[in-house]
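Worksheet: the structure to be examined is printed underneath.
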Amino acid sequence: MITASSGRAAQHWKPFKPNRGECQLCPRHCRPKNERMGFCGVRGTVDGEIRTFNYGQSLAATEEIIETEAVNHFSPGARILSMGNVGCMMACSFCQNWETSQIKHLDYKMVRDYTPQQLVEMCLQNDIPIISWTYNDPVVWHEFVVETSRLAQKNGIKTLYKSAFYIEEEPVKELIEYIDIFSLSLKSLNEAFYQKQTRARLKPVLERIKQVAASGKHLELSQLVIPELNDSDQDIIDTINWVKKHTGKYTPLHFVAFHPAYQYTHVERTDIATLKRARELALAKGMQYVYLGNAYEEGLNNTLCQSCGATLVSRYGLHSSPQNLDNAGCCTQCGTQSAISHPDLNKNSKKQEQSIKGDLKNRLAINWSDEVQSAHILQIKSAVETDHLRIRSIQPQGSSQPILEKTLSAGLDRFIISRQSEKETGVVLSWDSDSLYHNLAVLDRAHYPTDLDLDAQTTSEHQAIFQ
Ligand code: SF4
C-alpha cells in the first residue's frame, strides 16, 4: 500500500488535477489517483506528486558478459554487472522475464536494495568495467539508472542500456548524456502487433531509436523472433528495411530465438532455420552485421574482418573470444579498422585466465545439454569476504582445460558461466572456503533464472508497497 511517506521524488511528471499527477516518463502518461500506482506498478501518486517506488530495488546483481545483452561490437567478452529491476511499462504476452516485469507476479523474496555507491564499488573491486541496465526494462527505474550511471561515469565505468525503449524524448536526452551503449529491441514494425501483444505503441519506440542513432552513441538492435507472431518473411523484411533506412546498414542487427513463456506457451522455441533465413534476408538487403541470438553453432556468430576475412571475434552461444584484434580495434592481419570498439576493456578479464592445476577443496560440476548451455552460479552462503574460484572446462572423455580463476567480493554473489564450444560437455567449479554454491539453468540470454528457496533477501516492506 502506498503511504504518504513511501517512495521517492520522481522526475518527468506534471500536476494533472489537485491531488493527482501525470507521469511523463513513458508514452502512457498515466494519471494515477492519489495513493495508486500507474500501469508499470512502480510509480504512483502521493499527495498529488508522482513518486518512484523501486529506486535501487533489483534482482541480485549478476556478473555476465556483454554478449548476453545482444551487444557484439563493444568490447567483446567484457564482463558486465547486470542489474534487473522490477516492473515494466509494457505487458508483452511473450515476456521472457514476466516473473519480475509484471508486478502482480513478482515474488518479493527476490528483491534486494542497492545504492549507486554499492554498485560502483562492486564493479571496481571485481574489475567489472560495465554496468548493464537489463532484464525486465530499465525505463521504469529511470532516476536510479541516471544517478548510478553518472557516478559510474565519474569512476571510469561504462554503462549499457538494454530496453524495449517505450519512453519519452526528455528522459532519453538524459540517458544519452550518461549511457555508453544502447541495445534496443524492436519487436515488430506492425502497429497492431505492438498494441495487441505488448500493450504499447510502435511509433514512439521508432522515434526514440532514431533519437539514439542521431546521438552517435553505440547502438545495436535486436528482434525477438516469435513463432506465428512476427516470424514471416514480410515481418523480417519490414524490420530490416526500417533499420537500414533509419539507423544504417552498419548497425549490428540481432535476430533472437524465443523460448515459450508467460501467456505464449503453445509454440516451440524458434528454430534455427528461421533465424538463418532472417539473416539471409538481411544480408541480401545490404545489412553488414547480422547476428543470431540464443543459437548454438560453431562459427555462426563470428565477426570477420571486412577487408581480409580474418576472424576478429569467434563466438559460441554466450561465449566470445577476440582474435586478430589490436587494442584500437584494427585487424592484426591486414591493419583495417574494424567495427569493434573498446576491445581493450576486456583486459582485466584476461588477467584472470591463469594456468590452473587441479581442483580446490570443494567442487560443483555442471553438465551441459542441448537445452541448458549456460548457468547462473549463486553463492548461497559466504564464508569469507573474498572468495576465490577455479573453473575448468570438461572436454570429451573427461579430459579438462582450465578456463579461468576468479574472485567474488564486495557483495557480488552471482555470475554466469557459459558453454564455450560444442565439444565442451560441462564445467567444474572449485573453491577452498566453506562458502556454499548452487547453480540455476539459464534458458536463454534474456532469462534471469529464479529459485525462491535460494534467493536470499526478503522484506515485508517491498510486498506492502506494491500491493
Ligand atoms: S512509467 Fe509507469 S507510471 Fe509512468 S507513464 Fe509509464 S507506465 Fe505509467
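The values are calculated or read from the model by the stated rules, or taken from the named source; none is laboratory data. The structure presented is a predicted model; accordingly, all values stated were derived computationally and were not measured. Please note: Cβ atoms are built from the backbone with ideal geometry, for glycine as well, and neighbour counts cover all protein chains shown.
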Only one of Pro27, Pro18, Pro32 is surrounded by fewer than 19 Cβ atoms within 10 Å (Cβ to Cβ) and within 10 Å of the ligand (Cβ to nearest atom), namely Pro27
Among all residue pairs at least 6 apart or on different chains, which show Cβ distances below 9 Å where the first residue, located in the range 26-46, is free of Cβ contacts under 8 Å to residues at least 12 places away in the same chain and not assigned by TED's automatic domain parsing to the domain that holds Val139 and the second is more than 6 Å from the ligand (Cβ to nearest atom) and not in a strand (DSSP E or B)?
-> His29/Glu168
Please identify the pairs in which a residue from the range 293-314 that is under 22 Å from Thr425 (Cβ atoms) and in contact (Cβ under 8 Å) with a residue 24 or more places away in the chain has its Cβ atom under 7 Å from the Cβ atom of a residue that is of a type in the set (Ser, Thr, Tyr) and buried (at least 21 other Cβ atoms within 10 Å of the Cβ), counting only partners at least 6 apart or on another chain.
-> Tyr296/Tyr316; Glu298/Tyr316; Asn301/Tyr291
Considering only the range 410-428, state which residues are of a type in the set (Ser, Thr, Tyr) and either under 17 Å from Glu64 (Cβ atoms) or not assigned by TED's automatic domain parsing to the domain that holds Arg390 (or both).
-> Ser418
Select, from Leu304, Leu312, Leu345, the only residue that is out of contact with any Gly (no Cβ under 8 Å at 6 or more places or on another chain), buried (at least 16 other Cβ atoms within 10 Å of the Cβ) and modelled with pLDDT under 95.
-> Leu345
Mind checking which residues of the range 66-88 are away from the ligand (no atom under 16 Å from the Cβ) and assigned to a loop (DSSP other than H, G, I, E, B)?
-> Ala70, Val71, Asn72, His73, Ser75, Pro76, Gly77, Ala78
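Out of everything in the range 50-65 that is within 20 Å of Glu147 (Cα to Cα) and part of a strand (DSSP E or B), what residue ends up being nearest to the ligand (Cβ to nearest atom)? Outline the logic, then answer.
So in the range 50-65, the residues within 20 Å of Glu147 (Cα to Cα) come out as 50-62.
Pick out the ones that are also part of a strand (DSSP E or B) and you get 50-52, 57-58, 62.
Numbers: Ile50: 7, Arg51: 10, Thr52: 9, Gln57: 15, Ser58: 17, Thr62: 24 Å.
Checking each candidate, the answer is Ile50.
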Which condition does Ser101 not pass, out of (1) hydroxyl-bearing (Ser, Thr, Tyr); (2) modelled with pLDDT of 95 or more; (3) within 16 Å of the ligand (Cβ to nearest atom), if it passes all the others?
-> (2)
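This table checks each residue for (1) within 22 Å of the chain's Cα centre (by Cα); (2) of a type in the set (D, E, K, R); (3) more than 28 Å from Gln102 (Cα to Cα).
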position: Lys187; (1), (2), (3): yes, yes, no
position: Leu202; (1), (2), (3): yes, no, no
position: Ser222; (1), (2), (3): yes, no, no
position: Asp233; (1), (2), (3): no, yes, yes
position: Ala257; (1), (2), (3): yes, no, no
position: Ile272; (1), (2), (3): yes, no, yes
position: Lys276; (1), (2), (3): no, yes, yes
Since Cys92 meets every condition but one in (1) surrounded by 24 or more Cβ atoms within 10 Å (Cβ to Cβ); (2) within 16 Å of the ligand (Cβ to nearest atom); (3) modelled with pLDDT of 90 or more, which condition does it not meet?
-> (3)
If we keep only residues of the range 107-145 that are within 16 Å of the ligand (Cβ to nearest atom) and free of Cβ contacts under 8 Å to residues at least 60 places away in the same chain, then the residue nearest to the chain's Cα centre (by Cα) is Trp133
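Among the residues in the range 127-145, are any farther than 20 Å from Arg445 by Cα, hydrophobic (A, V, I, L, M, F, W, C) and either touching a Gly at 6+ places or on another chain (Cβ under 7 Å) or surrounded by fewer than 24 Cβ atoms within 10 Å (Cβ to Cβ) (or both)?
Within the range 127-145, the first condition is being farther than 20 Å from Arg445 by Cα, and the residues that meet it are 127, 140-145.
Then drop every residue that is not hydrophobic (A, V, I, L, M, F, W, C), which leaves 140-141, 144-145.
Then drop every residue that is not either touching a Gly at 6+ places or on another chain (Cβ under 7 Å) or surrounded by fewer than 24 Cβ atoms within 10 Å (Cβ to Cβ) (or both), which leaves 140, 144.
The answer is yes; a qualifying residue exists.
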Within the range 242-296, of all residues that are closer than 18 Å to His218 by Cα and of a type in the set (A, V, I, L, M), the one surrounded by the most Cβ atoms within 10 Å (Cβ to Cβ) is Leu253
Boolean, Thr45 is crowded, with 24+ Cβ neighbours inside 10 Å and within 15 Å of the chain's Cα centre (by Cα) | no
Any residue in the range 195-213 that is touching a residue at least 24 places away in the same chain (Cβ under 8 Å) and either under 20 Å from Val313 (Cα atoms) or not assigned by TED's automatic domain parsing to the domain that holds Phe94 (or both)?
-> no
Checking Asp238 against (1) over 27 Å from Asn136 (Cα atoms); (2) touching a Leu at 6+ places or on another chain (Cβ under 7 Å), which test does it fail?
-> (1)
